[in-house]
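Inspection log for the structure reproduced underneath, given as structure tokens.
The values are calculated or read from the model by the stated rules, or taken from the named source; none is laboratory data. This structure is a prediction, so every number in the text was calculated from the model and none was measured. All Cβ positions, glycine included, derive from the backbone under ideal geometry; neighbour counts span all protein chains shown. These area figures cover heavy atoms from the full protein model, side chains too; ligands, DNA and RNA do not enter into them. Shrake-Rupley method; radii C 1.70, N 1.55, O 1.52, S 1.80 Å.
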Amino acid sequence: MTGKSLFHKIWDAHAVRELPNGQTQLFIGLHLVHEVTSPQAFQMLRERGLRIMHPERTFATVDHIVPTTSQERPFADDMAEAMMQELEKNARDFGITVFHPGSARQGIVHVIGPELGLTQPGMTIACGDSHTSTHGAFGSVAFGIGTSQVRDVLATQCLAMNRLKVRRIEVSGRLAPGVYAKDVILEIIRRLGVKGGIGYAYEYGGEVISRMSMEERMTVCNMSIEGGARCGYVNPDQKTYEYIKGRPYAPQGTAFNRALDYWKSIASDADAPYDDVVEINGSQLEPMVTWGINPGQAISVGERIPKLDSLQAAERETASLALNHMGFTEGDRILGKRIDVAFLGSCTNSRLSDLREAAGIVKGNKVAKGVRAIVVPGSQQVRLAAEKEGLDRIFTDAGFEWRYAGCSMCLGMNPDVLQGRDLCASSSNRNYIGRQGSPTGRTLLMSPAMVVAAALAGAVVDVRELLPTSQLARN
Amino acid sequence: MTPQQIAAVKGRGIVVRGNDVDTDRIIPARYLREITFARMGEYAFYDERFGAQGKVKTHPFNDPRFQGASILVVNENFGCGSSREHAPQALMRWGIQAIVGESFADIFSGNCGMLGVPTIYLAKPDVERLMDFIEAIPGAEIEVDLEKKVVKYGDVEIQARINESMRESLVKGTWDTTSLMLEAKDEIRKTASALPYLTNFVS
Ligand code: SF4
């Protein structure tokens, strides 16, 4: 008998039944909710007189609209305050837990799920946010969903879904110093394209992925959606179990040992069949930077922006739109482009290890004149842990702003936005036109280390030239 | 709520050209600050339609010739990016009832299906011809026939592709998945009770 992949094992264990239209009614084990995509869903429940089927499996937080300069209530922004109150009311009326700003557990939904031990192997997870794929780092199957589907999950604890195909992405070798998880996923998206993953779940494996910490794996899984894949995952291993152990919502005591049996059983079998397999040599990767208006438009930092006639016909149109928006010329170097803003944050790269890596580069240096630089920890717990280590001082001494937890400048629906044609070095995940709040603003995606390096230099630089020798010896 | 059966959509066409049109372009995040979808139609493609101080730009959604259109024609990977249902809500509330294109992002087309807005696939040359036709004869009627899986315009009838489960639920009027899935309460309970993590890992 041939084996099964983790995706199919989890799918089969959660399949309630086949629906008349051929879709699967899939049970969802954990539902995460945030303030922006949920109020309409709760309203739909009220209109139909429905309750939440599993309020104890539903957890809410606030991240998108909340200010990160002060968490004091009422928020200065009336609309943010109204949305916050709406969520609090919905939570009260429907009996779910909210990690509100006063709870010390608030943060970006994809940072706090794992941090609180809510995210576990072998689960199905859904959230009204496309970066729910992040939770796949723990060997779960995690989908971003729309608001009507949020209603479905609230009312039925299920989703109507088409089964996905599975693509195994094998990253072999070892990453060179100065090359990070972010560079790995940017390279994957560049190779397979922003729509290459449509209809697929991505399974990441190989030596590079095995050697990664849980936080690095989260960075990779986070951006699966940028490659068009609805979800991405890594098979659970010892690192996964150790990360979860002792967290507030993790199984405790003997239940933890019993959990291990289940978690080990759901990893992909050695002989699992895949619909597609892609291999990437991780040893050859270099720090990556995007030059365009989608995350697939990326090059390694030393490369030149592609010439239009070197691209396939289908890509040329988006590429010329991108050059036009960015004000770049084909064949230009990305190195040396002067930046206006540096943003270190977002669910892709705002965890403690990201901040540590960045602080190691920042220490003793100053942000370049004229650059606005902000650091936004992904959660209050990350903020506190960073402060305990003195990372906040390293950043503020250098001239960075140090913020409270939230999505901040990742998406431009709170006060943190680009102005005019600002060029922003960003550790977030999307460089779409207008994404960071200014319709003419421009985003360069890169790793946290590259972001702070750019902040110090005032321009895009190769972070490998700034790495402390201790880190060059890292591998 | 019993959703209606949608066997066909007929109406005038409108064209938005370009690959990888993401949901931030369809509706910028600052318009997600409202707690209902009621006004989303006003914000469809906002930053592409209006410049600083509300200056009106050239965009099909502003073009008087395409007002009242209900069938949107697009290129590749339309609706990629954020899962915001605000995007299909904005298009639907502006008046779009069906979207024809080369390809769509997964979450986006799923969201469309939940709203009763079919996403239909045509090959690239067919999309280009349809786009040219609509731009040449703006008021002409286009028909998307979900039963026969064809798109008709002028004297042309082209075979189209549509996700079979989406087609089935629209044609049969079973696209209200909440009611549908609630019918299986016992089966839901049975599935849940067999999941180790819901039973404290005691099997
Ligand atoms: S940090 Fe950005 S990508 Fe992540 S949940 Fe917030 S807005 Fe979405």
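Count of segment A:97-131 residues, restricted to those that are of a type in the set (D, E, K, R) and within 11 Å of the ligand (Cβ to nearest atom), is 1.
In segment A:9-42, what residues are of a type outside the set (A, V, I, L, M, F, W, C) and facing chain B (nearest Cβ under 7 Å)? Even if it seems obvious, please write down each step before you answer.
Taking segment A:9-42 first, the residues of a type outside the set (A, V, I, L, M, F, W, C) are A:9, A:12, A:14, A:17-18, A:20-25, A:29, A:31, A:34-35, A:37-40.
Selection gives A:His14, A:Arg17, A:Pro20, A:Asn21, A:Gly22, A:Gln23, A:Gln25, A:Gly29, A:Thr37, A:Pro39, A:Gln40.
Going by what's in this entry, would B:Thr177 be described as at the interface with chain A (Cβ under 7 Å from one of its Cβ atoms), without any contact (Cβ under 8 Å) to a residue 40 or more places away in the chain and open to solvent by less than 20 Å² (accessible area, probe 1.4 Å)? It is false that B:Thr177 is at the interface with chain A (Cβ under 7 Å from one of its Cβ atoms), without any contact (Cβ under 8 Å) to a residue 40 or more places away in the chain and open to solvent by less than 20 Å² (accessible area, probe 1.4 Å).
Please go through segment A:396-424 and pick out each residue that is more than 16 Å from the ligand (Cβ to nearest atom) and not in a loop (DSSP other than H, G, I, E, B). Let's see the steps before the verdict.
Start the filter on segment A:396-424 by keeping residues that are more than 16 Å from the ligand (Cβ to nearest atom), which leaves A:396-402, A:419-423.
Once the filter is applied, which keeps residues that are more than 16 Å from the ligand (Cβ to nearest atom) and not in a loop (DSSP other than H, G, I, E, B), segment A:396-424 yields A:Thr396, A:Asp397, A:Ala398, A:Glu401, A:Trp402, A:Leu423.
Candidates are the residues of segment A:193-210 that are under 18 Å from A:Ser268 (Cα atoms) and surrounded by fewer than 21 Cβ atoms within 10 Å (Cβ to Cβ); the one that is farthest from the other protein chains (Cβ to nearest Cβ) is A:Glu207. Looking only at segment B:26-37, residues that are open to solvent by 10 Å² or more (accessible area, probe 1.4 Å) and either over 21 Å from A:Gly412 (Cα atoms) or in contact with a Ser or Thr (Cβ under 9 Å, 6 or more places away or on another chain) (or both) come to 1 in all.
Out of segment A:167-177, which residues are surrounded by fewer than 24 Cβ atoms within 10 Å (Cβ to Cβ) and not hydroxyl-bearing (Ser, Thr, Tyr)?
Step one: list which residues in segment A:167-177 are surrounded by fewer than 24 Cβ atoms within 10 Å (Cβ to Cβ), which gives A:167-168, A:170, A:172-177.
Listed by number, the residues that qualify are A:Arg167, A:Arg168, A:Glu170, A:Gly173, A:Arg174, A:Leu175, A:Ala176, A:Pro177.
Residue count for segment B:14-38 satisfying the condition of being over 30 Å from A:Gln85 (Cα atoms), out of contact with any Lys or Arg (no Cβ under 8 Å at 6 or more places or on another chain) and assigned to a loop (DSSP other than H, G, I, E, B): 5. Residues that are away from the ligand (no atom under 16 Å from the Cβ) and either touching a strand residue (DSSP E or B) at 6+ places or on another chain (Cβ under 9 Å) or within 14 Å of chain B (Cβ to nearest Cβ) (or both) within segment A:363-380 comprise A:Val367, A:Ala368, A:Gly370, A:Val371, A:Arg372, A:Ala373, listed in sequence order.
In segment A:392-418, the qualifying residues are those that are free of Cβ contacts under 8 Å to residues at least 40 places away in the same chain and closer than 20 Å to B:Arg33 by Cβ, and the one that is surrounded by the most Cβ atoms within 10 Å (Cβ to Cβ) is A:Gly412.
A:Thr134 falls short on exactly one of the conditions (1) away from the ligand (no atom under 16 Å from the Cβ); (2) open to solvent by less than 10 Å² (accessible area, probe 1.4 Å), and that condition is (1). If you go through segment B:120-159 and keep only what is closer than 25 Å to A:Ile145 by Cβ and within 12 Å of chain A (Cβ to nearest Cβ), you end up with just B:Tyr121. Select from segment A:89-123 the residues that are out of contact with any Ser or Thr (no Cβ under 7 Å at 6 or more places or on another chain) and of a type in the set (Ser, Thr, Tyr) and write down the one among them that is most open to solvent (accessible area, probe 1.4 Å). That would be A:Thr97. Of the residues in segment A:74-81, at least one is without any contact (Cβ under 8 Å) to a residue 60 or more places away in the chain, within 9 Å of chain B (Cβ to nearest Cβ), surrounded by fewer than 20 Cβ atoms within 10 Å (Cβ to Cβ) and of a type outside the set (Val, Ile, Thr).
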